[in-house]
Amino acid sequence: MKVFMLTLASMLNRRWTLALTVLSIALSVALLLGVERVRQDARSSFTNTISGTDLVVGARSGRVQLLLHSIFRIGNASNNISWESYKKISAHPTVDWSIPISLGDSHRGFRVMGTSQNYFSDYTFANKQALVFSKGQPFEAVFDTVIGSEVARQLGYTLDQEIVVAHGVTDVVFARHYDKPFTVVGILEPTGTPVDRTVHVSLEGIEAMHIDWKSGARTGKKITAEEALSRDLQPKQITAFLLSLESKIAVLAIQRAINEFGEEPLLAVLPGIALQELWDLIAVGENALLTVSIFVVISSFIGLLTGLLTSLNERRREIAILRALGARRSHVVLLLLSEALITTLLGLLAGFALFAVAVASAQSFVQAQYGLYLTLSPPGAFEALFALGFVILSIVTGAYPAWRAYRQSLHDGMTPQH
């Protein structure tokens, strides 16, 4: 207990130097925890987004690119596919269900997706969980819309509210379809997937919005919403579609047939294979961030070692007096090791607190901008092992100054230095 009190007194005497060392350790802790949390939550979010879908089909491009824009609403399609091709492939005897997807519009920073009604009954996520409505029902009329939970929460939308969709992914005033507003008829329960940040409309609604648009610009002839309802609103093109097959054995055969489709260049990907390819791409960035984090940790402990050695040279007379008063060499060693350990523990606590504040502050922004939901959960096995590793590092770091103190003689400490 006396050694512990001496350690605290010594640390308080050098509190400003100690504060900088603690801050350095805290930043390294927060950085390492942040890298691991982003890695885990990114993989969890991507993996849980789609379940029960055997193939994702779109225009021929890269597998990862197709998966990102069609499922995760990241990026844009290189090209569209024809409605005729979609109907022909969907009519194959082995197809259980198909879901068309039309992307390219937005509403106040959220992506708008055109689809069919069976999206709400067939699409599943996270171990085949179905979509559930917290309010309302699926769209029926052309200008009905169903919004995700995050859209409703951030924009404060309720049922029967009118919203205006903008042409393109950038919601600018001159590109908004003011003359063809949609009415919110349903709000989905939270899913932790891009569904929460999506405005869902019918494919007919997409066609009606753009009936007086051509090549991304308004035509000279203006067509009202009422007039649009009397027109043929069957889609001519879609962005992609999802397929579920009755026989899983036939997946590879259907994939090959789609990739060799003669009428237009198409690409069919297995979600699991495309995700693995995505992880391989991300692994480079993950390893780079991890390497930077490790160097930050090393730097913080070098700072701790430097502080201990500097204080040891300044405290040679103090240690000698302690020895003269009856302190054993083991007490001096314990004093230095305790100082390193307490400093590290303070840095750990500050780092965990800094990490929690950073996650809580960034959750909404990261979810809105990148579609990634950062979780804030109590420390688990990883955090416990992480803290244990830092404790071991602190003991190793304090071992050399402690050894120096152990070898320091009483005469060397009491003799005036010139």
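The values are calculated or read from the model by the stated rules, or taken from the named source; none is laboratory data. Predicted model only: the values in this text are computed from it and were never measured. Positions of Cβ are generated from backbone atoms using ideal geometry, with glycine treated the same way; all protein chains shown enter the neighbour counts. Quick note on the areas: whole protein, heavy atoms, side chains included, nothing else; ligands and nucleic acids left out. Shrake-Rupley method; radii C 1.70, N 1.55, O 1.52, S 1.80 Å.
Accessible surface ranking for ARG176, ARG63, ARG404, 1.4 angstrom probe, highest first: ARG63, ARG404, ARG176.
Counting only heavy atoms of the protein chains and using a 1.4 Å probe, PHE355 has close to 20 Å² of accessible surface. In percent, rounded to a whole number, the relative contact order of the range 112-255 is 27, using alpha-carbon pairs under 8 Å and six or more apart. Accessible area of PHE110 (1.4 Å probe, protein heavy atoms only, ligands and nucleic acids ignored): about 10 Å².
All other residues whose Cβ lies under 10 angstrom from that of PHE182 are scored, Lys and Arg at +1 and Asp and Glu at -1, for a net of -1. In the context of the full set of protein chains, the range 205-306 has a per residue accessible area of 56 Å² (1.4 Å probe).
On the principal axes of its alpha carbon atoms, the range 13-56 extends 65, 11, 7 Å, with the longest extent given first. For the range 198-271, the Cα gyration tensor yields ellipsoid semi-axes of 35, 14, 10 Å (square root of five times each eigenvalue, largest first, whole Å). Considering only alpha-carbon pairs that sit under 8 angstrom and 6 or more positions apart, the relative contact order computed for the range 56-182 is 18 percent.
Using heavy atoms of the protein chains and a probe of 1.4 Å, the accessible area assigned to ILE25 is about 0 Å². Look at the alpha carbon pairs under 8 Å that are at least 6 residues apart: their mean separation over the length of the range 87-156 gives a relative contact order of 18 percent. Computed from label points 7 Å out along Cα-Cβ, the spacing between ASN287 and THR47 is 2.1 nm. Pairs exceeding a 25 Å alpha-carbon distance, out of LYS128/LYS248; LYS87/LYS248; LYS135/LYS236; LYS88/LYS248: LYS135/LYS236.
Peptides 159-169, 337-347, 375-385 ordered by packing proxy, namely the average of other Cβ atoms within 10 Å per residue, highest first: 337-347, 159-169, 375-385.
For the range 140-260, the spread of Cα positions along the three principal axes, ordered from largest to smallest, is 49, 36, 27 Å.
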